[in-house]
Structure formats: structure tokens, C-alpha cells
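Trainee: First, the structure itself, so that you have it in front of you.
The values are calculated or read from the model by the stated rules, or taken from the named source; none is laboratory data. Quantities reported herein were computed from a predicted structural model and do not represent experimental measurements. With ideal geometry, Cβ positions are generated from the backbone for all residues, glycine too; neighbour counts draw on all protein chains shown.
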Amino acid sequence: MSFLDNYIYYIGAFGLILIGIYIILVKHNLIKVIIGLGILDTGVNLFLISIGYITKGTAPIFSRPGIDSEHMVDPVPQALVLTAIVIGVAVLALALSLAIRLYQHYDTLNLRKIRGQRW
Amino acid sequence: MRRIVAILLLTILAVGISLSLTKIPFGSSETKIGRHYIDKGVEETGAVNIVTSVVVNYRGFDTLGEVTVLFIAAIGLGVVLSTSRKKATREITPASLVLSTGCRVLFPLILVFGSYIFIHGHLTPGGGFQGGAIIASGFLLIYLGCRERRISRVASNLAESLGGLVFVIIGLLGLAFGGYFLLNFLPKGTANTLFSAGIVPIIYVAIGFKVGSELTGIIDNLIEES
């Protein structure tokens, strides 16, 4: 059980990343591929946050004087993920707009039927 | 066939990752830079929220780059969707009285909450990115609830450009006063008060305006298309 306690966040994060890659590789529907990208993004964010975690950690905010700074979690990954989430939303929107255009052009979202998207 | 290849690839990836992950201990962050930010952050930047001082002060240039990425994504979405051949004007059924009144009551409250989040970014959890996302959710409510309403493109573009300009101009002022870009040249004040931390709250308000108007623009473009 101690193994699970130690690595449960890493397992969860890389589980999400592997699920995302699997969806991107296997699925034919473009919307599902974009959902896979979203899951991959979430997994990467969770991994970055869990790297900076400290056991029994608190948020790195000195909201009152004399607060114990020993157990504060690493602020750098938090700052990176904060911006990565917003950028992830924007990139997802860009991908969806490309999907809209592709559907209007080919009348299908099935990647097998679109020439040049098949592999 | 494709499925088997994918599963094989993922298995190799998973084994490689799990071998390297056992070397990274969970629950003890060993980076010296994070420890330095926690120990010296309040003294050096005046912001009690260390995450904010990292985002805006220590790594402000990085954040400028990230805001630019967001800007490019929003522009790209606008360009991709604007090349549509025909803009079909659909009939819009007006919303019921309950829905539109509810939207009208809730919308200013959401705006006030979003502004609170980004103005107090250096004191409490939150900041420009989060506050901007909350403000964009308020505009999404208007688009879904009061369907005949549209925001003015000019005002949205103005808020976006002003946000970006304020960020860059403050950075250049730092260059002029102290010799490097995004220097915190304003007085730091006493920690844990609203007017403290020098340029940090100003930049976060600018980021809040920029992110809010960009996400609203994305929603606007996608709803026009539907």
C-alpha cells in the first residue's frame, strides 16, 4: 500500500496521458481526437502539480504573519500550470474551429474518409 | 491492426516512464529555486501570494510570452472562422422572461467577482488568468441566456489591446528606470495590504482584462458559427 500512497498521483497523471495518446492514435472521429488532446493536457498539468507537492503541504501564500513556511509546496510548477490551463482552453478552441472548417469542407468528421488525414 | 500497434507503443512508453519515475520521490520537492522564492519572495517582491510573485515578478517575461501564445490562439481561431463562405443568419428565439431577467441579475455579480479575483491576485488565491476566465464565463452566460444580445467587438478589442499595452509599457518603464525589463520599480508598501507589491497588481489587472476579452472573443466567434 505504501507504493500506492507514494505514487498514486504519478500513476493517475500518466494514466491520463496514456489514455489521451491512445485516443489520439486509435479513434477516427475528429471530435474524439480533440477530447483526447484535452485529456492529455489534464494529465500533464496533474503531473507538474504533483512533482512540486510536499507531504502535508499548504498553499504558498503568507495570508497571515508568522505562518509556517516549512511545508509550503513548490510555487514554480503551480505558476506554470496556472498559465498552461488557460492556454489549453485557447488551443482546444482553435482545434475545434479547425474541426468546424474541416466538417464544412468535407461533410464528415471521420478521419478515415478525409484524404490527407489518413495514416 | 492500428489498435495493436498503439497498445504496443503505449506499453513501451509506460514501462519507460515507470522506470524513470521511481527515481523521482513523491512528496519532497528538492528544487532550490522554489525554496528561495518561498523564503525571500515576500521580502523581494512584496506580494504575499508566492505563486503570483513567480508568475508576474520573477518570471514576468515568461508570462508575457504565454499571454502572446493565448493571443495568437485567439487570432488564429478568428482567422480560421472568418473565412466562411456564407454567413447564414438564423432566426433567434428570444429567451423567456425568467431566463433573461436571471441573466441580467447575475451578470454584474459575476463581473464583480472576476474583478475581485484579479485585483486581489497578490493577496489571495487567484489572479489575472483566473479572474479573466470568470469574466469570460459571465459573457458566456449572456450569450446563452439573453440570446439576442451581442457584445461590442470594438470594446472587446480595446480592452484586449489596452491590457497588452499596459503590460509591455510597464516592462519598458522598468527598463528605463532600473536597467532591465519588467523591473519592479514602484514602492513595495507593507505586505498583505491591497496597495502593495509595486507593479504586480497593475500587471495582473492588465492580464485579467486581456484574458477576459480574449476568451470572450473566442466564445463570440464560436457562437457566431453555430
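Trainee: Please count how many residues of region A:34-82 are assigned to a loop (DSSP other than H, G, I, E, B), within 24 Å of A:LEU18 (Cα to Cα) and among the hydroxyl-bearing types (Ser, Thr, Tyr). Let's see the steps before the verdict.
Mentor: Going through region A:34-82, the residues assigned to a loop (DSSP other than H, G, I, E, B) turn out to be A:52-57, A:59-60, A:62-71, A:73-74.
Among the residues that remain, those that are also within 24 Å of A:LEU18 (Cα to Cα) are: A:52-53.
If we keep only those that are among the hydroxyl-bearing types (Ser, Thr, Tyr) too, we end up with A:53.
Going through region A:34-82 one residue at a time, the tally reaches 1.
Trainee: Go through B:LEU64, B:LEU19 for me and flag whichever is under 22 Å from A:ALA84 (Cα atoms), more than 10 Å from chain A (Cβ to nearest Cβ), assigned to a helix (DSSP H, G or I) and out of contact with any Ser or Thr (no Cβ under 8 Å at 6 or more places or on another chain).
Mentor: So the residue among B:LEU64, B:LEU19 that is under 22 Å from A:ALA84 (Cα atoms), more than 10 Å from chain A (Cβ to nearest Cβ), assigned to a helix (DSSP H, G or I) and out of contact with any Ser or Thr (no Cβ under 8 Å at 6 or more places or on another chain) is B:LEU64.
Trainee: Sticking with this structure for a sec: I'd like the residue in region A:1-48 that is hydrophobic (A, V, I, L, M, F, W, C) and in contact (Cβ under 8 Å) with a residue 40 or more places away in the chain and, out of all such residues, is nearest to A:ALA79 (Cα to Cα).
Mentor: A:VAL44
Trainee: Report yes if B:THR124 is polar (S, T, N, Q) and outside any helix (DSSP H, G or I), otherwise no.
Mentor: Yes.
Trainee: Give me the residue from region B:46-61 that is within 7 Å of chain A (Cβ to nearest Cβ) and free of Cβ contacts under 8 Å to residues at least 24 places away in the same chain and, out of that set, farthest from B:ALA191 (Cα to Cα).
Mentor: Once the filter is applied, the top-ranked residue is B:ARG59.
Trainee: What tally of residues in region A:58-90 results from selecting those that are in contact with a Gly (Cβ under 9 Å, 6 or more places away or on another chain) and surrounded by fewer than 15 Cβ atoms within 10 Å (Cβ to Cβ)?
Mentor: Qualifying residue count, region A:58-90: 1.
Trainee: Next up: How many residues are part of a helix (DSSP H, G or I) and crowded, with 19+ Cβ neighbours inside 10 Å if we restrict to region B:186-204?
Mentor: Here is the first cut: in region B:186-204, the residues part of a helix (DSSP H, G or I) are B:200-204.
Checking which are crowded, with 19+ Cβ neighbours inside 10 Å leaves us with B:200-201, B:203-204.
Final tally of qualifying residues: 4.
Trainee: Please verify whether region B:100-111 includes one or more residues that are in a helix (DSSP H, G or I), in contact with a helix residue (DSSP H, G or I) (Cβ under 8 Å, 6 or more places away or on another chain) and at the interface with chain A (Cβ under 8 Å from one of its Cβ atoms).
Mentor: The answer is no, given that none of the residues of region B:100-111 is in a helix (DSSP H, G or I), in contact with a helix residue (DSSP H, G or I) (Cβ under 8 Å, 6 or more places away or on another chain) and at the interface with chain A (Cβ under 8 Å from one of its Cβ atoms).
Trainee: Same structure, new question: Taking region B:1-44 as the search range and keeping residues that are of a type in the set (Ser, Thr, Tyr) and modelled with pLDDT under 80, which one is surrounded by the fewest Cβ atoms within 10 Å (Cβ to Cβ)?
Mentor: Step one: filter region B:1-44 for residues of a type in the set (Ser, Thr, Tyr), giving B:11, B:18, B:20, B:22, B:28-29, B:31, B:37.
With modelled with pLDDT under 80 added as a condition, the list becomes B:22, B:28-29, B:31.
Numbers: B:THR22: 11, B:SER28: 9, B:SER29: 20, B:THR31: 14.
Ranking the qualifying residues of region B:1-44, first place goes to B:SER28.
Trainee: I've got another one for you. Between a first residue in region B:155-175 that is within 19 Å of B:GLY65 (Cβ to Cβ) and a second residue that is surrounded by 14 or more Cβ atoms within 10 Å (Cβ to Cβ) and among the acidic types (Asp, Glu), which pairs have beta carbons less than 8 Å apart while being 6 or more apart in sequence or on different chains?
Mentor: Hits for this filter: B:GLU160/B:GLU214.
Trainee: Can we say B:ILE218 is of a type in the set (A, V, I, L, M, F, W, C), under 22 Å from B:PHE71 (Cβ atoms) and in a loop (DSSP other than H, G, I, E, B)?
Mentor: Against the criterion (of a type in the set (A, V, I, L, M, F, W, C), under 22 Å from B:PHE71 (Cβ atoms) and in a loop (DSSP other than H, G, I, E, B)), B:ILE218 does not qualify.
Trainee: Can you tell me which of (1) of a type outside the set (Val, Ile, Thr); (2) without any contact (Cβ under 8 Å) to a residue 12 or more places away in the chain; (3) more than 9 Å from chain B (Cβ to nearest Cβ) is the one A:GLN104 doesn't meet?
Mentor: (3)
Trainee: Looking only at residues in region A:42-57 that are more than 9 Å from chain B (Cβ to nearest Cβ) and either β-branched (Val, Ile, Thr) or farther than 27 Å from B:HIS122 by Cα (or both), which one is surrounded by the most Cβ atoms within 10 Å (Cβ to Cβ)?
Mentor: Result: A:GLY43.
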